[in-house]
Amino acid sequence: MRRLDQICAGTLSLLAIVDCLLVPRTYVGRIWIFGTALALLFTAMLNLLRIRCHTDVRDLRLFCITENIAMLLFVIALMASIGKSRTLSNPQVPLISLLVAIETMFSLVKRD
């Protein structure tokens, strides 16, 4: 299970970096797209830190749970606001929501 956790967090990290690099330079609202990509990157980094140091850092698990739930709610709100057809025409949105949901599940499960 730990390996799947690492793969999901690593994939989320790579997708966030690619998203940061693909922000359109001519779009007026590009700062909001870039900010969302950075939020995904920080979520991935926090999950990678949780995987690596799960017993060493106090309250890290709580911070990960909070961040994962907040990001999951954000992605769900995004999908609701753009609608089903636009969500399905942008496959990165459901993929990111699935990865964040899996990371939320892993952060909720207590490991020894």
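Read the figures in this text as sums done on the coordinates, not as results from a lab. The model shown is predicted, which means the values in this text are computed figures rather than measured ones. For neighbour counting, all protein chains shown are included, and Cβ atoms are generated from backbone atoms with ideal geometry for every residue, glycine included.
Which of rounded, prolate or oblate describes segment 2-108 when judged by the alpha-carbon gyration tensor and an a/c cut-off of 1.5?
Verdict is prolate for segment 2-108.
Applying 1/(1 + (r/R0)^6) with R0 = 35 Å to the Cβ-Cβ distance of residue 39 and residue 1, what FRET efficiency is obtained, to the nearest 0.05? Walk me through the numbers on the way to the answer.
On the way: r = 26 Å, r/R0 = 0.73.
Efficiency, from the Cβ-Cβ distance: 0.85.
Gain on full extension, evaluated as 0.36 nm per residue between residue 111 and residue 57 minus their Cα-Cα distance, stands at 18.1 nm. Modelled spin-label separation between residue 26 and residue 80, with each label point placed 7 Å from Cα along the Cα-to-Cβ direction: 3.5 nm.
Compute the length gained on full extension between residue 89 and residue 18: take 0.36 nm times their separation in residues and subtract their Cα-Cα distance, giving the result in nm to one decimal.
Result: 23.7 nm gained on full extension.
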